[in-house]
1. Give me the net charge of A170's neighbourhood, meaning all other residues with Cβ under 11 Å from the Cβ of A170; Lys, Arg count +1, Asp, Glu -1.
2. Let me know the shape class of the chain, please: from the alpha-carbon gyration tensor, a ≥ b ≥ c as square roots of the eigenvalues, rounded when a/c is under 1.5, otherwise prolate if a/b is greater than b/c, or oblate.
3. Tell me, what % of the accessible area of the chain is carbon and sulfur with a 1.4 angstrom probe?
4. Can you work out ³J(HN,Hα) from phi for every residue in the range 170-177, in order, using Karplus 6.51 cos²θ - 1.76 cosθ + 1.60 and θ = phi - 60°, giving whole Hz and x for Gly and Pro?
5. Under 1.5 on a/c is rounded, so check that first for the range 132-174, then, if it is not, pick prolate when a/b is larger than b/c and oblate when it is not; a ≥ b ≥ c are the square roots of the alpha carbon gyration tensor eigenvalues.
6. Excluding residues on the same chain fewer than 8 positions from K77, give the lysines whose Cα lies under 20 Å from its Cα.
7. What is the dipole size for the range 134-180, taken about its Cα centre, with +1 at each Lys and Arg Cβ and -1 at each Asp and Glu Cβ, in debye to the nearest 20?
8. I need to check one value: relative contact order of the range 49-193, counting alpha carbon pairs closer than 8 Å and at least 6 residues apart, in percent.
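The values are calculated or read from the model by the stated rules, or taken from the named source; none is laboratory data. Treat the numbers as computed from the prediction; the structure is a model and nothing was measured. In this analysis, Cβ positions are derived from the backbone assuming ideal geometry, glycine residues included, and neighbour counts consider all displayed protein chains. For accessibility, only protein heavy atoms count, side chains too; no ligands or nucleic acids. Shrake-Rupley method; radii C 1.70, N 1.55, O 1.52, S 1.80 Å.
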Amino acid sequence: MTGKKLIISALVLALAQIGFLSWIIAGRAAILRNGKEVLLKVEPVDPRDLLRGDYISLNNNISRIPVKLIANVPQGKSTSDDTSIVIRLKKGPDGYWQPTVAWFGQAPAQPGPDEADIAGRIAEGWGLRDVDATIAPDYGIDRFYLPEGQGVAIQDDMRVRPFGIKLALASDGTAQIKALVDGDKTLFEEPLY
């Protein structure tokens, strides 16, 4: 009897793990398939990870948010807590989306038709008193993996002309990188699965 129970327990555990992984993959695919698409300007930081292969570590035009854009900084609050932040983006005339306003916690209203919200996290300790200061939210979109051997060439190209990333944004502001673009040309697109 113990052998049967062990096999059944192992099968139940394996099915639970497969179900959990499938749920994560399906959630990511749903954002990529149905999310609102926005385009951000990017610049390279580092093209290689010896253990993971080529990637571009990205700084984008929403990597640093001016404190003056945060609409709900509590009176007398001098530094940030480890908290969530929502940044409202609006499409610019050049096709790239720019931050217009931000809120700690949740946005007070839904974005308009030409707007989108991206959700991130702010670490503890960012200064909030100086309106000229900036904070660096973490959106989980700071790396884009490339086919082997192409990271350095793309990094060099990024230094001479603008590149961008297309994001897919879920209704709750969760972001997934959809594609790396060079002007109007899509260089690499993330598969749904």
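1. With Lys, Arg at +1 and Asp, Glu at -1, the neighbours total +1.
2. Since a/c reaches 1.5 but b/c is at least a/b, the shape of the chain is classed as oblate.
3. Here it works out to 56 percent.
4. 6, 4, 8, x, 5, 10, 10, 6
5. Oblate, since a/c reaches 1.5 and b/c is not below a/b.
6. K77 reaches K68.
7. 160 debye
8. Rounded, it is 26 percent for the range 49-193.
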